[in-house]
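Chemist: Pasting a structure here, questions to come.
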Amino acid sequence: MRDKLVHRGPDSLADYERLEMLLYAAFRMGDTKPLAKALINRHGSFSRVLAARADHLAREPSLGVNGAAAIKLVHAAALRLVQAEVMEMPILSNWDRLMEYLTAALARERTEQFRVLFLDPRNRLIADEVLHRGTVNHAPVSPREVVKRALELHSTALILVHNYPSGDPTPSGADIEMTASVKAAAAVLDIAVHDHVIMGSGSWVSLQQMGMM
């Protein structure tokens, strides 16, 4: 597999082979193919294994803390690579790239979370921060907390983002009301709220594009 990776590129490997090599790097002993295949079968795909919570992975039979740490390190590196590319460009004029990043970060999350993209005056990304993690269907948000953090980061514009683990990104009445509350609180301090993006499983909606804000 190593020769195939080096000479033919990563696309020449099956997903279980990528995970098998990753697990071998963590354990440095034994045959990791059965474990790799079992993890992919249990979670549904290679990408879902990477996106799984660290504490859940650590409880997987035969994986443990070392294997979980190796998997989450690769996941974090992949997200950081995409985020670095996003941070170098104005967000609003590179919307497709932003959606690729948010899909990678949120589409496979099993718990709802509310995060904010804090932008500078040129609409470049200063920070992407998770402000709340909720249950599978609830992530409470305080407009005051959002605005306070924007001031701390000297951010002049925001994009609100949250995910629906159920897979359906259709905005609820509560989503629209919360967006209006954050927008009103931010406007007092001349901070713009450009959009509220809701991520589902492989799909997303923009409240701005839908005319809901």
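Chemist: I want to confirm something. Restricting to region 40-69 and keeping residues that are over 16 Å from the mean Cα position of the chain (by Cα) and of a type in the set (Ser, Thr, Tyr), which single residue is farthest from Ala26 (Cα to Cα)?
Modeler: Per the stated criteria, the residue is Ser45.
Chemist: Pro165 fails exactly one of the following numbered conditions: (1) farther than 24 Å from Leu50 by Cβ; (2) under 14 Å from the mean Cα position of the chain (by Cα). What is the number of that condition?
Modeler: Every listed condition holds for Pro165 apart from (1).
Chemist: For region 179-203: of the residues being surrounded by fewer than 19 Cβ atoms within 10 Å (Cβ to Cβ) and farther than 19 Å from Leu151 by Cβ, which is modelled with the highest pLDDT?
Modeler: Applying the filter and picking the extreme gives Ala180.
Chemist: Further question: For region 13-56, give me the residue count where each residue is within 18 Å of Ala107 (Cα to Cα) and surrounded by 18 or more Cβ atoms within 10 Å (Cβ to Cβ).
Modeler: The total comes to 7.
Chemist: Quick check on region 133-149: of everything there that is over 21 Å from the mean Cα position of the chain (by Cα) and at pLDDT 95 or above, which residue is farthest from Val188 (Cα to Cα)?
Modeler: Checked region 133-149; the qualifying residue farthest from Val188 (Cα to Cα) is Lys148.
Chemist: Mind checking which residues of region 60-91 are loosely packed, with under 14 Cβ neighbours inside 10 Å, in a loop (DSSP other than H, G, I, E, B) and at pLDDT below 85?
Modeler: Pro61, Glu88
Chemist: Can you pull out every residue in region 32-50 that is in a helix (DSSP H, G or I) and of a type in the set (Gly, Ala, Ser)? Let's see the steps before the verdict.
Modeler: Restricting attention to region 32-50, the residues satisfying the condition of being in a helix (DSSP H, G or I) are 33-43, 46-50.
Answer for region 32-50, where residues must be in a helix (DSSP H, G or I) and of a type in the set (Gly, Ala, Ser): Ala36, Ala38, Ser47.
Chemist: Let me ask something else. For Arg48, which of the numbered conditions (1) touching a residue at least 40 places away in the same chain (Cβ under 8 Å); (2) over 20 Å from Leu102 (Cβ atoms) fails to hold?
Modeler: Unmet for Arg48, out of (1) touching a residue at least 40 places away in the same chain (Cβ under 8 Å); (2) over 20 Å from Leu102 (Cβ atoms): (2).
Chemist: Go through region 159-178 and report how many residues are surrounded by 13 or more Cβ atoms within 10 Å (Cβ to Cβ) and out of contact with any Phe, Trp or Tyr (no Cβ under 6 Å at 6 or more places or on another chain).
Modeler: Total satisfying the criteria: 10.
Chemist: May I ask you to say which residue of Glu129, Glu109, Glu152 is within 15 Å of Met199 (Cα to Cα), among the acidic types (Asp, Glu) and either modelled with pLDDT of 95 or more or under 17 Å from the mean Cα position of the chain (by Cα) (or both)?
Modeler: After applying the criteria, what remains is Glu109.
The values are calculated or read from the model by the stated rules, or taken from the named source; none is laboratory data. None of the values given here were measured: they were computed from a predicted structure. Here the Cβ is made from the backbone with ideal geometry for all residues, glycine too, and neighbour counts use every protein chain on show.
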